[in-house]
Every structure is written in structure tokens, then in C-alpha cells.
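This report refers to the structure that appears directly beneath it.
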Amino acid sequence: CLCYIKGSHRKLYTSGDLKACNEETEGATCVEAQPGDAVIHSARTVHWSRKSQSSDRERRAVSFFYWAASTLGNNWPGKPREGEQHTEAVNLNIDSVKGEAALKQLNRDWVQHDRIVEMFRKDPV
């Protein structure tokens, strides 16, 4: 089970804030991933998983990180300045109709939850 905090990529968190996050945290959403699923999210998105319930298998995952050339250096766009609260979102111009159709085509149980589709409709980023 993967857990996310909606909108967390737009905020700054202290290590104490992160340690306090759980499934009851405001905006927390949990989804079940199936073997072979690909999960894509901003590196700034607060996310975690529950402890593995398997006693005979280890959890395996592969992570890839992409940083555009514009993010390199000390003054990358969107970098919060010291003492500044980062609240602006980047407009990605997502076609929500196509995005919702793609979401429904995933054929996963969690996509069938009205809350997931409604969350995407309200804020596809």
C-alpha cells in the first residue's frame, strides 16, 4: 500500500513534520499497487508505504530520478529561498479528460474508488 499526502509537493516540511505523517494526516490517500505497476510522482511528494506483511519475501522497487537541466545549479526555478514558504504550483496544462480516461484504463481496483477520480478531477497535478 502506498500512501501520499495530496498537495505535499507544494509545501516545505521539517523532519518532525514528516515523522508525524500517517494515514490520518489531512490529505492522506492510500492506494494498493500491484506487482509490475509503475508509480510516478514528484520527488517532493510526501509518500510512504506500510510495513511489508510478507515473512518470506523482501519488497523490491526500482527508483529513477529525473532532473531537468533547468533545475541544476544553486538557483533552480521554484527553489524556496531561505525562510520563504513555497506555495506556488507549476501549471502543467494537463488535459483532465484524457488524464481521467487514462486513469480509468489502468484496470486497478483502487481506480474504481470515486474519491480517487474526484481527487484527480479537482487537481490533476
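The values are calculated or read from the model by the stated rules, or taken from the named source; none is laboratory data. Given the structure is predicted, the values throughout are model-derived calculations rather than measurements. Ideal geometry is used to build each Cβ from the backbone, glycine not excepted, and the neighbour counts take in all protein chains shown. With ligands, DNA and RNA removed, areas are computed over all heavy atoms of the protein, side chains included. Shrake-Rupley method; radii C 1.70, N 1.55, O 1.52, S 1.80 Å.
Does residue 125 satisfy being within 18 Å of the chain's Cα centre (by Cα), in a helix (DSSP H, G or I), closer than 21 Å to residue 2 by Cα and at pLDDT below 75?
On the way: within 18 Å of the chain's Cα centre (by Cα): yes; in a helix (DSSP H, G or I): no; closer than 21 Å to residue 2 by Cα: yes; at pLDDT below 75: yes.
So residue 125 does not fit the description; no.
Please name all residue pairs, on different chains or six or more residues apart, with Cβ atoms under 7 Å, provided the first residue is in the range 1-23 and is open to solvent by 60 Å² or more (accessible area, probe 1.4 Å) and the second residue is part of a helix (DSSP H, G or I).
Final answer for the pair search is 6/119.
Report, by residue number, each residue of the range 34-47 that is touching a residue at least 40 places away in the same chain (Cβ under 8 Å) and outside any strand (DSSP E or B).
Here is the first cut: in the range 34-47, the ones touching a residue at least 40 places away in the same chain (Cβ under 8 Å) are 34, 37, 45-47.
Across the range 34-47, the qualifying residues are 34, 37, 45, 46.
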